[in-house]
Amino acid sequence: MVDRKVILTDVGHSFDRTGEDMLFRHLTMTLLPKHVYALTGPSGSGKSTLLSIIAGWVTPVAGSVERIDCGRVCWVLQNPHGVARRSAIDHVALPFIARGERRRTAETHAMELLEAFGLSSLARKPFRDLSGGEAQRLMLARGVASHAGLLLVDEPTAQLDLNTAATVNEHLHNLSMSGAIVVVATHDPRTRDACTDLIDLRDWQNDEPAHATSIERGGEHHE
Ligand SMILES: Nc1ncnc2c1ncn2[C@@H]1O[C@H](COP(=O)(O)OP(=O)(O)OP(=O)(O)O)[C@@H](O)[C@H]1O
């Protein structure tokens, strides 16, 4: 875990076969644990694409990505998929059971996480009955349960009220402090401000190399 990092070197991507219409280019940075990276940019600028590149699911047309000691990669989608008939608690207990815990202990641990994410009253509800925001928080709880080393989150607070959004942001921070690398694609200024570092894709649309900036709590950011 000490050496966990993702190294992006001169990364660029285009879905255009000619490679002329690059979404971003020359993206060079190292992502580290204990940081929460806000990935911002206008709709269509390539945030989800960059998350897929960081996860290793898309190969960039330019540059390279090295994932060192990242362990389990967990992706929390905006509209996550679960097992329709399985209960919320089952979704979170499963990673504990997979690591050898007895069901009862796993359910106790899962319940603690459901409480932390404001979902304890929904524990026995089947996944198909959860709202979009509830389903997404459930998947974040599952990400924590599965000890993800690299957590990629798409718009975690878009569908949430202020208090729940603040709780989710706090958990993303806690997760990063426990040793995970967390990257959050977001349009929400509150979520951006709750992150430690900013990757604004608008900075990477030109030929000149840019860099990630760190964010001061309270909204201002500096280099
Ligand atoms: N598999 C694909 N093939 C072709 N074009 C794609 C593919 N995936 C995404 N694109 C295009 O690439 C661009 C970037 O898409 P992406 O989903 O990464 O943007 P985004 O910044 O996450 O957008 P939003 O904020 O709206 O979610 C868009 O124009 C999209 O249509």
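Here are a few things to note about the model shown:
- Residues that are under 16 Å from Asp200 (Cα atoms), surrounded by 14 or more Cβ atoms within 10 Å (Cβ to Cβ) and more than 15 Å from the ligand (Cβ to nearest atom) were ranked within the stretch 5-27; the one that is farthest from the chain's Cα centre (by Cα) is His26.
- Yes/no for Ser176 being part of a strand (DSSP E or B), out of contact with any Phe, Trp or Tyr (no Cβ under 8 Å at 6 or more places or on another chain) and either at pLDDT below 95 or β-branched (Val, Ile, Thr) (or both): no
- Subset of the stretch 157-169 that is under 13 Å from the mean Cα position of the chain (by Cα) and without any contact (Cβ under 8 Å) to a residue 40 or more places away in the chain - its residue that is surrounded by the fewest Cβ atoms within 10 Å (Cβ to Cβ): Asn169
- Among the residues of the stretch 28-83, those identified as hydroxyl-bearing (Ser, Thr, Tyr) and within 16 Å of the ligand (Cβ to nearest atom) are Tyr37, Thr40, Ser43, Ser45, Ser48, Thr49, Ser52, Thr59.
- Residues that are crowded, with 17+ Cβ neighbours inside 10 Å and either small (Gly, Ala, Ser) or under 19 Å from the mean Cα position of the chain (by Cα) (or both), drawn from the stretch 88-100: Ala88, His91, Val92, Ala93, Pro95
- The set of residues in the stretch 32-48 being under 20 Å from Asp21 (Cβ atoms), polar (S, T, N, Q) and touching a strand residue (DSSP E or B) at 6+ places or on another chain (Cβ under 9 Å) consists of Ser45, Ser48.
- Residue count for the stretch 123-169, restricted to those that are acidic (Asp, Glu) and modelled with pLDDT under 85: 2.
- Members of the stretch 138-156 found to be closer than 24 Å to Val65 by Cα and within 16 Å of the ligand (Cβ to nearest atom), listed by number: Leu152, Val153, Asp154, Glu155
- Residue match in the stretch 64-77 (condition: outside any loop (DSSP other than H, G, I, E, B) and without any contact (Cβ under 8 Å) to a residue 60 or more places away in the chain): yes
- The set of residues in the stretch 39-63 that are farther than 24 Å from Asp3 by Cβ and assigned to a strand (DSSP E or B) comprises Thr40, Ala62.
- Single unsatisfied condition, Ser52 versus (1) under 16 Å from the mean Cα position of the chain (by Cα); (2) farther than 17 Å from Val182 by Cα; (3) without any contact (Cβ under 8 Å) to a residue 12 or more places away in the chain: (2)
- Test: residue in the stretch 105-116 that is within 16 Å of the ligand (Cβ to nearest atom), closer than 20 Å to Ala165 by Cα, touching a residue at least 12 places away in the same chain (Cβ under 8 Å) and out of contact with any strand residue (DSSP E or B) (no Cβ under 9 Å at 6 or more places or on another chain): no
The values are calculated or read from the model by the stated rules, or taken from the named source; none is laboratory data. As the structure is a computational prediction, the values presented were derived from the model and not from experiment. Ideal geometry is used to build each Cβ from the backbone, glycine not excepted, and the neighbour counts take in all protein chains shown.
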